[in-house]
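Remarks on the structure that follows.
Nothing in this text is a laboratory measurement; each read-out follows from the coordinates by a stated rule. Please read these numbers as outputs of a predicted model, since none were measured by experiment. When we count neighbours, we look across all protein chains shown, and the Cβ atoms used for this are built from the backbone with ideal geometry, even at glycine.
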Amino acid sequence: AKAEGRSGFVTYSPAILSQIDAQLGEEAAIKRALNDDEYFLVWQPQFELATGRMIGAEALVRWRDRVSGTVRLPDSFIPTAERSDLILEIDKTVLSKACAQAAHWMSISADDFVCAVNASGKSLQEDAFFLHLVEVLRRTGLPPSRLQLEITEGVFIHSRNALDTLSKIRNLGVSLALDDFGSGYSSFGYLADLDLNRLKIDRSFLNDLESSGKKQDVIRGIIALANTLGLVVMAEGVETEAQLAFLIAERCHGAQGFFMSEPIDVKVLTNQLIARRGG
Ligand code: C2E
Ligand code: CA
Ligand code: CA
Ligand code: CA
């Protein structure tokens with residue numbers, strides 16, 4: 001699609017040009033939204049299956065886009081942000097908001113209530129991410145043990161710097177979950193390279209679980225692997241009672257999904273924590 005023009009300049013096809021335009025337009029929109037503080041968090045509760053207790057919640061970013069007048073989901077802007085340096089700014093913003101909220105919840109949540117935050121591998125390459133994390137923990141007073149970072153396998157995370165950052169994060173006392181386990185190419189390498197605390201079984205293994213003996217076997221295998229490695233194993237994307245029953249029978253440690261709870265507003269989760277404390 002790239003060609004030498006008559007003048008010797010490289011010329012691009014209209015399709016490529018409009019792609020570049022779109023990328024630049026989206027980046028400008030993301031920057032504006034960061035400035036205008038249009039990002040906010042919803043929280044999806046995570047449950048311990050043996051007891052049914054809520055043991056934590058995952059922060060999921062949303063964008064209240066004043067231009068389009070809609071609330072945008074991460075899949076519509078995280079990929080653009082990851083192609084630029086903006087993902088670092090988004091991840092830092094999310095971390096600040098999540099830790100401030102988690103610190104507020106300290107007094108009403110049980111000791112084992114852990115807030116999970118997603119971090120892009122690209123952000124983990126940057127020293128600025130680690131420095132920001134240290135600063136946020138200091139500023140909010142959140143005990144590091146109350147925070148978990150969810151990371152995915154991906155090209156960026158292979159870098160020496162990302163792996164170093166992850167071990168420094170572990171040394172702070174923040175825990176690490178390997179997200180979307182089983183969906184990538186080299187999951188097993190990370191199990192040896194990283195000091196992980198938790199494995200999250202990718203949602204795809206839960207789809208059609210009821211009718212797929214093979215998927216059931218894969219999940220059994222992942223649970224056994226996690227147990228062998230001393231990792232807490234969580235399932236995500238639980239949408240049916242049958243899926244939940246299967247996970248309980250297989251002694252999966254925890255789960256999250258629409259069947260138990262969709263991602264909810266801060267206020268709703270706060271009320272649930274208060275009600276639980278009272279009851
Ligand atoms: P993820 O980390 O795997 O997050 C789980 C996604 O699955 C969320 O979508 C959640 O709403 C959805 N989900 C939860 N339960 C169910 C279910 O039972 N069924 C189905 N079909 N879906 C369920 P969401 O919020 O749209 O997030 C999508 C992805 O965007 C996340 O996948 C994560 O990779 C990324 N993301 C979200 N927030 C952040 C963030 O703050 N920073 C970064 N870097 N990435 C984020
Ligand atoms: Ca996640
Ligand atoms: Ca996931
Ligand atoms: Ca994902």
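Quick notes on this one:
- Relative contact order (%) - criterion: Cα under 8 Å, at least six apart; region: the chain: 17 percent
- Listed cross-link partners K97/K168; K122/K215; K122/K168 are compared with a 23 Å cut-off, the Cα-Cα value being larger for K122/K215.
- Computed over the range 1-104, the quotient of the alpha carbon radius of gyration and 2.2 N^0.38 Å is 1.51.
- The range 141-238: C-alpha pair distances exceeding 19 Å, %: 44 percent
- Cα radius of gyration and Dmax for the chain (Å): 20.4, 77
- Reachable lysines from K214, criterion Cα separation under 26 angstrom, eight or more residues apart if same chain: K200
- Computed lengthening from I248 to R66, 0.36 nm per intervening residue step minus Cα-Cα distance: 61.2 nm
- Normalised contact order of the range 90-232, rounded percent, pairs of Cα under 8 Å and 6 or more residues apart: 19 percent
- Contact order normalised by residue count of the range 145-213, Cα under 8 Å, 6+ apart, percent: 34 percent
- Calculated FRET value between D127 and H104, using beta carbons and R₀ = 25 Å, to 0.05: 0.30
- Rounded tilt (10° steps) of 127-140 against the dominant C-alpha axis of the chain: 50 degrees
- In this simple spin-label model, placing a label point 7 Å from the Cα along the Cα-to-Cβ direction at both I16 and K168 gives a separation of 3.8 nm.
- Overall, the range 135-279 carries a charge dipole of about 660 debye about its Cα centre when +1 sits on the Cβ of Lys and Arg and -1 on the Cβ of Asp and Glu, all other atoms neutral.
- Top of I219, I108, I20 by mean-square fluctuation, Gaussian network on the chain, Cα under 10 Å: I20
- Adding -39500 (n - 2.57) for every DSSP H run of four residues or longer, then dividing by how many residues the chain holds, sets the calculated 222 nm ellipticity at -14000 deg cm²/dmol.
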